[in-house]
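One structure is given below, encoded as structure tokens.
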Amino acid sequence: MKILNTIRVALRALSRNKMRSFLTALGIIIGVGAVISMISIGQGAKKAVEDRFNSMGTNLLFVRPGSMSVRGRHGGSGTFNTLNPEDAKAILEKCDAVKYVSPSVSGRVQTVYQNKNWNTSIQGVGAYYPEIRNWPVEEGVFFDENLVKMAAKVCVLGSEVKDNLFEGEYPIGQVIRIKKIPFRVIGVLESKGESGGWFNRDDVIVIPYTTAQKRILGITHVQSIDVSAVSAVKTLNAKEQIEELLRIRHRIAPEAEDDFNIRNMSEIAEGAAESSRILTYLLGGIASVSLLVGGIGIMNIMLVSVTERIREIGIRMSVGAREKDILRQFLTEAIVLSVLGGLIGIAVGIFASKLISHFAGWQTIVTLGSVALAFLFSGSVGVFFGFYPARKASKLDPIEALRYE
């Protein structure tokens, strides 16, 4: 009851000057709102990255050409064409931790359908590309291994290409021209959306890699090999098997550097998640500065309040109030001010997060942890910045305080 009475007196004291109390709490309101909204942006970015990588599968491996030296000339990663379709076939046949393999080549091409044309990315892949990339076909079918071996002139469209070339017309069975070569459309991939704002993953045409090699790019090597392990726990085992096999196939000496490199999707996903986590901490830290500014405002106003109420303090002490009673009273006022500001700030932060998500199109996630952190921080600010004014009030000499005008 004593605590409730102290809070009641604190609220009465703060309500004497409502505008000043509100402006003092405004710093806390803005600070808490900023912390919650900034953390929600960071959490949303982290979740978006995780979803994007999960949609591709964490058991995915990318085998790319590496660096090598030829007659004293040393090239960086990808400088030399060290991979071929036979490497992909050997990986599938001899690595028991591998489930699917898809050789891959790519380039940009101009495509034409009737009087419409579109510049897009061409992706030459194997028959198991949808399974490896977890990218199902929405309409029609994907090409099979027989069509790959035949280097058939068939293609599967990304949804962006479909929308721009066909504009609502049913595309399956239609013929488009890629570099003046006719290709029959047999399927349309499910929409994946933009990738981090840099490019649209749906802006692609997928064809058999053999067709791309012979008819579009005029090459015999492959630019990469996409590999799917039998499970996420077998990914590391698959990576080791592929490394051992390719070193033997490429006749690499025991101490020599690999002429290929293998990237693990789970490692890439962890790196991206760590970057998002750092972004969250950075945004939260920047927003926390406004909380400190709000705390300084509380200290300033409480010092003014102590000066204005010196005579009141003297009267309280003369009727029996002890130092700890005065200390508790002024400290309670500071805490009440910061806690009320924190509660309003939570509502402001959640509302701001919704507005950001609606107008900016960013994914935002308000977590219970971020709300609790901001609220506890605001309460701590009240204690920290309210203690000095409260202690100053409790140390006043009651006789001098009664004399104060």
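Tell me which of these residue 211 doesn't satisfy, since it passes every other one: (1) crowded, with 20+ Cβ neighbours inside 10 Å; (2) in the same structural domain as residue 369 (by TED's automatic domain parsing).
(2)
On the basis of being modelled with pLDDT of 70 or more and either more than 19 Å from the chain's Cα centre (by Cα) or closer than 16 Å to residue 339 by Cα (or both), does residue 18 make the cut?
Taking the combined requirement at face value, the residue satisfies it.
Go through 344, 315, 298 for me and flag whichever is within 21 Å of residue 12 (Cα to Cα) and surrounded by 21 or more Cβ atoms within 10 Å (Cβ to Cβ).
Every option except 298 fails the conditions.
Picking from 387, 377, which residue would you name as being more than 21 Å from the chain's Cα centre (by Cα) and closer than 16 Å to residue 284 by Cβ?
377
Quick check, is residue 335 assigned to a helix (DSSP H, G or I) and closer than 16 Å to residue 34 by Cα?
no
Which of the following residues is under 15 Å from residue 107 (Cα atoms) and either in the same structural domain as residue 108 (by TED's automatic domain parsing) or without any contact (Cβ under 8 Å) to a residue 40 or more places away in the chain (or both): 217, 189, 165?
Every option except 217 fails the conditions.
Which numbered condition in (1) at pLDDT 85 or above; (2) out of contact with any Lys or Arg (no Cβ under 8 Å at 6 or more places or on another chain); (3) outside the structural domain of residue 222 (by TED's automatic domain parsing) is the only one that residue 260 fails?
(2)
Of everything in the stretch 87-143, what is among the hydrophobic types (A, V, I, L, M, F, W, C), surrounded by fewer than 19 Cβ atoms within 10 Å (Cβ to Cβ) and within 28 Å of the chain's Cα centre (by Cα)? Give them in sequence order.
137
Let's see how each residue does on (1) at pLDDT 95 or above; (2) of a type in the set (S, T, N, Q); (3) within 18 Å of residue 158 (Cβ to Cβ):
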| site | (1), (2), (3) |
| --- | --- |
| 79 | no, yes, no |
| 85 | no, no, no |
| 88 | no, no, no |
| 100 | no, no, no |
| 109 | no, no, yes |
| 136 | no, no, yes |
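The values are calculated or read from the model by the stated rules, or taken from the named source; none is laboratory data. None of the values given here were measured: they were computed from a predicted structure. Positions of Cβ are generated from backbone atoms using ideal geometry, with glycine treated the same way; all protein chains shown enter the neighbour counts.
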